[in-house]
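Input: a single structure, listed below in structure tokens.
The values are calculated or read from the model by the stated rules, or taken from the named source; none is laboratory data. Keep in mind it's a predicted model, so treat the numbers as computed, not measured. Backbone-built Cβ (ideal geometry, glycine too); neighbour counts: all protein chains shown.
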Amino acid sequence: MKGVGLPEVVIVLGLLVVLIAGFLPSGTPDASKEVLLLSKQVGPLGSEGFNYQHIKLGDNVVLSKGVEGTPLLTQAGPIEVAKGLITAQEHVVEFSIPSHIMEELSSSSISFRIIDTNRYGPFKVSLNGFEVWSDYLTRGQTVEIDLPVGQLSSDNTVKITAGSSGWKIWSPTFYIIENLQIKEKLTSGEEKTFEFILTPDQLEKFYKGRVYIGNVNPIIQGEIAMILNDERIIFRGVPGKGSVINSFSSGVKAENTLTLRLIEDGHYELTNLEVIIFTSANTSAGFSSDFSIPLDDLSKMRTGIEEGVIEIEVLETAEESLKVILSGETDIELYKGVPEKGILVLKFTGFEATKDNTLIISSVGDYNIGTVEVRLVKK
């Protein structure tokens, strides 16, 4: 039998090295990788109080997308109109449109069903003194006629008549109708944008803001988003009936926009919409600092490979709560309480953070904060 040569020995030894290495704990730099995202000195916090200003944005705001509004008027019938040499029977309908609805009205129509007719003359519809439709209709026909939006006003009159039977003087034209409806369609109000301005002093001492809606009336529920400056989502969801308050802690500029957007079909009526801006009497009341997460690391966080860690060095504590907010697409309150002296450690996930973030630490109590660090670590 042939003996084992040198090449075979080398191969065997190499395989043993690979096998043993597989059981040894990894000590590569990548396995213990930490990414430092933020490291800053904070200093004393505390405030003698806050000032606030109400900024009116709008009233009687309508948000509507892809749905018909509540019918303006409904009459079951039967309703008869006639026109002859002697007979003249008309039907008059009066209806009103609120001014804030008029601004969002994209179309309006009148609909009905013909129960019976002799078709001796045409069926006519007039709006506010102007004839808008005339045609011959048949028994059993269902008709919907557009009412010109340009001829509508706050108070309106629709007159339904029959045309003359002409030479058939022995019998007047008649039409009998049922299920008369005048309907509106609001599709232009699916998004509203409002502007508000902050003074240099408000910007310097900005603490937080609130979007306040005095009353929300959900005629048809749908998902709504509140967006600050086209980049920060303050709220996304289906609001209920009543007042609504949503806060934001960052993202303001000298000139700002607040957008209310219907994401899905729905119809809302909103009253008393305003922004409330809170400013601190003492500019050291809060600390905020921006940091970004590389997209590759953000992806790893969202798959559970990495997580975010915040370490806050508390040098002096107070009786009032300390609040820590991570502000990305939305504001996430990571901590609210009274910490002991030492290192306060908080964690966050890739679903609580986004690519660009702001860390906010605030309190009305007198705290002294040392170093604040934000890092990513492997789980």
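One residue alone among 377, 372 is in a strand (DSSP E or B), surrounded by 15 or more Cβ atoms within 10 Å (Cβ to Cβ), touching a Lys or Arg at 6+ places or on another chain (Cβ under 9 Å) and not basic (Lys, Arg), and that residue is 372.
Exactly one residue among 184, 195, 191, 223 is farther than 30 Å from residue 110 by Cβ and modelled with pLDDT under 90, and that residue is 223.
Are any residues in segment 102-124 of a type in the set (A, V, I, L, M) and within 26 Å of residue 142 (Cβ to Cβ), and if so, which ones? Let's see the steps before the verdict.
Our first condition is that a residue be of a type in the set (A, V, I, L, M); within segment 102-124, this holds for 102, 105, 110, 114-115.
If the condition is that a residue be of a type in the set (A, V, I, L, M) and within 26 Å of residue 142 (Cβ to Cβ), then 105, 110, 114, 115 are the ones that fit.
Checked against the criterion of being under 30 Å from residue 59 (Cβ atoms) and touching a residue at least 24 places away in the same chain (Cβ under 8 Å), segment 281-295 contains not a single residue that satisfies it. I'd like the residue in segment 252-282 that is small (Gly, Ala, Ser) and surrounded by 18 or more Cβ atoms within 10 Å (Cβ to Cβ) and, out of all such residues, is farthest from the chain's Cα centre (by Cα). Once the filter is applied, the top-ranked residue is 280.
Would you confirm, using the coordinates I've provided, whether residue 367 is among the hydroxyl-bearing types (Ser, Thr, Tyr), surrounded by 16 or more Cβ atoms within 10 Å (Cβ to Cβ) and either at pLDDT 90 or above or not assigned by TED's automatic domain parsing to the domain that holds residue 41 (or both)? For residue 367, the condition - among the hydroxyl-bearing types (Ser, Thr, Tyr), surrounded by 16 or more Cβ atoms within 10 Å (Cβ to Cβ) and either at pLDDT 90 or above or not assigned by TED's automatic domain parsing to the domain that holds residue 41 (or both) - is not met. Can you spot a residue in segment 276-289 that is touching an Asp or Glu at 6+ places or on another chain (Cβ under 8 Å) and at pLDDT 90 or above? Checked against the condition, which is being touching an Asp or Glu at 6+ places or on another chain (Cβ under 8 Å) and at pLDDT 90 or above, segment 276-289 yields no hits at all.
In segment 298-321, the condition of being assigned by TED's automatic domain parsing to the domain that holds residue 206 and of a type in the set (Gly, Ala, Ser) is met by no residue.
So is residue 215 assigned to a strand (DSSP E or B), out of contact with any Pro (no Cβ under 7 Å at 6 or more places or on another chain) and under 22 Å from residue 108 (Cα atoms) or not? So that I can check it myself, show each step before the final result.
Values: assigned to a strand (DSSP E or B): yes; out of contact with any Pro (no Cβ under 7 Å at 6 or more places or on another chain): yes; under 22 Å from residue 108 (Cα atoms): no.
When the stated conditions are applied, residue 215 does not pass them.
Number of residues in segment 102-128 that are in contact with a helix residue (DSSP H, G or I) (Cβ under 9 Å, 6 or more places away or on another chain) and part of a loop (DSSP other than H, G, I, E, B) equals 3. If you go through segment 145-183 and keep only what is among the charged types (D, E, K, R), within 34 Å of the chain's Cα centre (by Cα) and closer than 23 Å to residue 115 by Cβ, you end up with 146, 183. For segment 291-305, a residue qualifies if it is touching an Asp or Glu at 6+ places or on another chain (Cβ under 7 Å) and in a strand (DSSP E or B), and exactly one does: 292. Return the residues of segment 120-137 that are within 18 Å of residue 172 (Cβ to Cβ) and surrounded by 16 or more Cβ atoms within 10 Å (Cβ to Cβ); say none if nothing qualifies. If the condition is that a residue be within 18 Å of residue 172 (Cβ to Cβ) and surrounded by 16 or more Cβ atoms within 10 Å (Cβ to Cβ), then 120, 121, 122, 123, 124, 137 are the ones that fit.
Residues in segment 225-258 that are of a type in the set (A, V, I, L, M) and out of contact with any Asp or Glu (no Cβ under 9 Å at 6 or more places or on another chain): how many? So the count comes out to 8. Among the strands (runs of 3 or more DSSP E) confined to segment 135-206, the ones with at least 2 residues that are hydroxyl-bearing (Ser, Thr, Tyr) are located at 155-162, 173-186. Working only within segment 309-353, note down all residues that are buried (at least 17 other Cβ atoms within 10 Å of the Cβ), within 24 Å of the chain's Cα centre (by Cα) and touching a residue at least 60 places away in the same chain (Cβ under 8 Å). Within segment 309-353, 325, 327, 329, 331, 353 qualify.
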